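Asker: One structure, as structure tokens, below. Some questions next.
The values are calculated or read from the model by the stated rules, or taken from the named source; none is laboratory data. On a predicted model such as this, the values are computed, not experimentally measured, just so you know. FYI the Cβ positions are ideal-geometry reconstructions off the backbone, even for glycines, and counts take in every protein chain you see. The area values use the complete protein model at the heavy-atom level, side chains included, leaving out ligands, DNA and RNA. Shrake-Rupley method; radii C 1.70, N 1.55, O 1.52, S 1.80 Å.
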Amino acid sequence: MGSYADEDVLLPNSVLGKAQLLLAAFESGADRLRLSELSRRSGVPKASAYRLAQELVQWGLLDRHGEMYELGIRLFHLGHRVAASSVLRTVARPQMVDLFTRVRTAVHLAVLDGTHVLFLEKIAGEANVLTHSYVGGRLPASCTATGQMLLALAADGPERVAALAGRGLPALTPRSVTDPQVLAQRLSRAARQGYALELEGVRTGDASLAVPVALAGTEYAALSVTGPIAQVSVERHLSMLRAAADSIERGVAQKTQESPSYETPRAARAARTPRGPKPAGVRPAHAVS
């Protein structure tokens, strides 16, 4: 899994920018890091990393246990107060639990984050926890069904794909898409069909099926089921996924109307932007009357 630092060409010179890089060093999935590793992953010199880490500990954004640093509990509290993800997760979680009880495979809710997907929520049983994904974790968008679905519908999708291709498409397994032309074909098919199916792109032996969740304006999330290849299929799961996505869309639209403060500035701007026709297979976001 990449970090934000991996996506930046120039490292920031400001104190705040360097502090952000220290926090982003944990994006790779590491729970605890030594100072030397924190410095290496962030690109911040060790002396500066030490001084900034001490301040972040005082603010509760990092915790220190001996020689090891980990993300602080204050970040957990702040993260749950982000309006856009909070409302989406609140509405989506009951639908995801219902879906999980029917399919018995892991259910994910994700959004685009640069050239990666960010998992906002995950429901999984003990038998299919799947170590490659977790709430707050990120994976290369080109490798995942959720990422391909979101790239296919993003207004700046071509730019994001170009950014991925420019660095070389990442390969998490031998079956991950590494050819930009093949990725373009898959994105075109996903936009046309309204779903994305990925086989062993993230983990050997697993498959994932994703559908879009239309939000305000041109914003999308993606809902997916993931499990062993034999347990994931378009025929079995597509209708259930779409029904759950439909319920989430209605719930978010209702919440947004009831409390306008939930709407993010980005979503509000998008809602005022003229839009062209949607790709076939993708429904518009629900309006609440």
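Asker: Out of V129, V97, which single residue is at pLDDT below 90, closer than 15 Å to V225 by Cβ and β-branched (V, I, T)?
Answerer: Details: V97 fails: at pLDDT below 90.
Matching residue, one of V129, V97: V129.
Asker: Just checking, which of L22, L52, L88 is over 25 Å from the mean Cα position of the chain (by Cα), surrounded by 14 or more Cβ atoms within 10 Å (Cβ to Cβ), at pLDDT 70 or above and in a helix (DSSP H, G or I)?
Answerer: Working: L22 fails: over 25 Å from the mean Cα position of the chain (by Cα); L88 fails: over 25 Å from the mean Cα position of the chain (by Cα).
Criteria check complete, one pass: L52.
Table: residues versus (1) more than 26 Å from A244 (Cβ to Cβ); (2) at pLDDT below 90.
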position	(1), (2)
R175	yes, no
A191	no, no
R203	no, no
V213	no, no
E219	no, yes
I229	no, no
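Asker: With the structure loaded, tell me whether A141 is open to solvent by less than 20 Å² (accessible area, probe 1.4 Å) and free of Cβ contacts under 8 Å to residues at least 40 places away in the same chain or whether it fails that test.
Answerer: On the way: open to solvent by less than 20 Å² (accessible area, probe 1.4 Å): yes; free of Cβ contacts under 8 Å to residues at least 40 places away in the same chain: yes.
So A141 fits the description; yes.
Asker: Would you call R186 open to solvent by 10 Å² or more (accessible area, probe 1.4 Å) and in a helix (DSSP H, G or I)? Working first, answer last.
Answerer: On the way: open to solvent by 10 Å² or more (accessible area, probe 1.4 Å): yes; in a helix (DSSP H, G or I): yes.
The answer is yes for R186.
Asker: Working only within the stretch 91-126, note down all residues that are part of a strand (DSSP E or B) and under 10 Å from the mean Cα position of the chain (by Cα). Step through it out loud before you land on a result.
Answerer: The first filter runs over the stretch 91-126 and keeps only residues part of a strand (DSSP E or B), leaving 106-113, 116-123.
Correct list: H108, L109, A110, V111, L112, D113, H116, V117, L118, F119, L120, E121.
Asker: Within the stretch 189-219, how many residues turn out to be open to solvent by 30 Å² or more (accessible area, probe 1.4 Å), part of a strand (DSSP E or B) and in contact (Cβ under 8 Å) with a residue 40 or more places away in the chain?
Answerer: 1
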